[in-house]
Every structure is written in C-alpha cells, then in structure tokens.
Amino acid sequence: MAAAGKSIAIPAILKVGAGALDYICSYLQEEDFKNAVIYFGNGLIELFGMKVMDSLKAAGIEVLEYREIDTVCIDDIVEMAFTLPGRVQAIIAIGGGKVIDAGKYAAFLRNLPFISVPTSSSSDGFPAPALP
C-alpha cells in the first residue's frame, strides 16, 4: 500500500505524444464507443474542431453534441451533465484547464468515461480527482 501523499490516480488509459489528437477515433474504437459528446476550449472549434469531428464520423463514431466551454461554475456543469443525450457513451474534452475540469466533472456526475485531450503541456488535469 502506498504511503499517503505518494501516489496519484490516473486514467485507465493514458496516451501521451505528438499528434494524439489525430488518433481519438482509434482510442474510442478500441473501447467500442459508438457515440460521444465533445467539449472544446475557447476558439478550438474553429482551430481544429471540424478535423476531429470529421475523423470521428469517418470512423463510424457519432458526435451527439459539441460545444465550446468556458466555465467552471458548478451549476452550469451540473446542468450540462444532466441535459446530455441519454445514449451518450463518453465525454471528450479538448483544451485547457476549464474545459478539462468541466468535462471531467460532467462525466463523473453521469458516471461516463472521460477522455481528456489537453492542448497545453502544463495541464495536470488527468490525475486530478473529479470531486469539487
């Protein structure tokens, strides 16, 4: 058993490397996900959103909803989580700290798998807990 303060929880799957964004569809296929919602950080839909959504569509993965997120307000995240389509299988968050935190907490509330795609090397969102 690890000593207190000497361990962190990490996701079951952790992919790190240049170009990881190009492989989101294969990661979803490996886990047999057929649909997902995507949250983007500010300005990222315009930057590469269509590329991501087109690659998912080409892989047979349906994007049920996508939107830009710029909030960490608990009330907004709770509302976002409980208005998701009922058949959503995973939440993907692409961007910086706010969108990663919001997506992670929405996934936690709905007991859904969460896929974090940080666009900054300084993001430490993958090991942080989803609890407020």
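The values are calculated or read from the model by the stated rules, or taken from the named source; none is laboratory data. The structure presented is a predicted model; accordingly, all values stated were derived computationally and were not measured. Every residue, glycine among them, receives a Cβ derived from its backbone with ideal geometry; neighbour counts consider all protein chains shown.
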Subset of the stretch 76-89 (residues that are within 14 Å of Asp101 (Cβ to Cβ) and within 14 Å of the chain's Cα centre (by Cα)): Ile77, Met80, Ala81
Within the stretch 20-41, can one find any residue that is over 17 Å from Leu112 (Cβ atoms), out of contact with any Lys or Arg (no Cβ under 6 Å at 6 or more places or on another chain), at pLDDT 90 or above and part of a helix (DSSP H, G or I)? no
Could you please let me know if Gly60 is in a loop (DSSP other than H, G, I, E, B) and either on the phi > 0 side of the Ramachandran plot or touching a Pro at 6+ places or on another chain (Cβ under 8 Å) (or both)? yes
List every residue pair whose Cβ atoms lie under 8 Å apart, where the two residues are 6 or more positions apart in sequence or sit on different chains, the first residue falls within the stretch 39-64 and is of a type outside the set (D, E, K, R), and the second residue, located anywhere, is loosely packed, with under 14 Cβ neighbours inside 10 Å and outside any loop (DSSP other than H, G, I, E, B). Tyr39/Arg67; Phe40/Arg67; Phe48/Leu21; Val52/Leu21; Ser55/Asp22; Ala59/Ser26; Val63/Lys57
Would you check which residues across the stretch 78-103 are outside any loop (DSSP other than H, G, I, E, B) and exposed (fewer than 15 other Cβ atoms within 10 Å of the Cβ) and list them? Val78, Glu79, Phe82
Go through the stretch 63-75 residue by residue and tally those that are over 15 Å from the mean Cα position of the chain (by Cα) and not in a helix (DSSP H, G or I). 1
Within the stretch 65-77, which residues are farther than 16 Å from Pro118 by Cα, aliphatic (A, V, I, L, M) and buried (at least 16 other Cβ atoms within 10 Å of the Cβ)? Ile77
Would you call Ser116 modelled with pLDDT under 90, hydroxyl-bearing (Ser, Thr, Tyr) and assigned to a loop (DSSP other than H, G, I, E, B)? no
